[in-house]
Amino acid sequence: MNESLDNYLPVLLQILIAAGFAVATLIASALLGKRARRNEMKDSAYECGMLPIGEGQSRFSVKFYLVAMLFVLFDIEVVFLVPWAVVFKEAVASGATQYFYGMLGFVGVLFLAYLYALNKGALNWKES
């Protein structure tokens with residue numbers, strides 16, 4: 001066999017063993033498991049003692065999803081500040097200032113996006 005293919009043999013073996021175990025478990029469950037009698041009451045949805053009438057889930061306001069997306073967006077943007085801070089600490093020692101101006105531009109664009117969201121009323125929870 002090729003030497004590079006020998007490196008993949010343990011992975012292939014593990015995949016085959018995992019797939020074989022999954023198939024064997026499903027077959028054993030089907031052959032050895034108990035058969036339950038079905039009726040309308042057992043097949044109905046269980047809702048903590050409440051009768052399953054009406055919608056299954058209440059609707060959320062679109063504002064909720066909008067605020068959630070804005071949170072994720074700004075939260076991810078803040079994550080970019082951590083590696084910058086590590087590089088900036090080393091750059092200050094060497095006298096480089098381009099890192100500072102680059103991040104100042106990044107934070108400026110982020111601040112403008114925040115002001116835009118505020119201006120559009122995306123963060124207002126009051127009903128309009």
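Some points to look at:
- Criterion (out of contact with any helix residue (DSSP H, G or I) (no Cβ under 9 Å at 6 or more places or on another chain), assigned to a helix (DSSP H, G or I) and at pLDDT 85 or above) met by exactly one of Leu118, Leu110: Leu118
- The single condition from (1) under 30 Å from Trp125 (Cα atoms); (2) at pLDDT 80 or above that Val23 fails is (1).
Listed here are the residues, each with its yes/no results for (1) surrounded by 10 or more Cβ atoms within 10 Å (Cβ to Cβ); (2) closer than 30 Å to Asn124 by Cβ; (3) under 29 Å from the mean Cα position of the chain (by Cα); (4) of a type in the set (Lys, Arg).
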{"site": "Asp6", "(1), (2), (3), (4)": "no, no, no, no"}
{"site": "Pro10", "(1), (2), (3), (4)": "no, no, no, no"}
{"site": "Arg37", "(1), (2), (3), (4)": "no, no, no, yes"}
{"site": "Glu40", "(1), (2), (3), (4)": "no, no, no, no"}
{"site": "Leu70", "(1), (2), (3), (4)": "yes, yes, yes, no"}
{"site": "Asp75", "(1), (2), (3), (4)": "no, yes, yes, no"}
{"site": "Pro83", "(1), (2), (3), (4)": "no, no, yes, no"}
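- If you go through the range 59-72 and keep only what is part of a helix (DSSP H, G or I) and free of Cβ contacts under 8 Å to residues at least 40 places away in the same chain, you end up with Val62, Phe64, Tyr65, Ala68, Met69, Phe71, Val72.
The values are calculated or read from the model by the stated rules, or taken from the named source; none is laboratory data. Here the structure is a predicted model, which means the values were calculated and not measured. All Cβ positions, glycine included, derive from the backbone under ideal geometry; neighbour counts span all protein chains shown.
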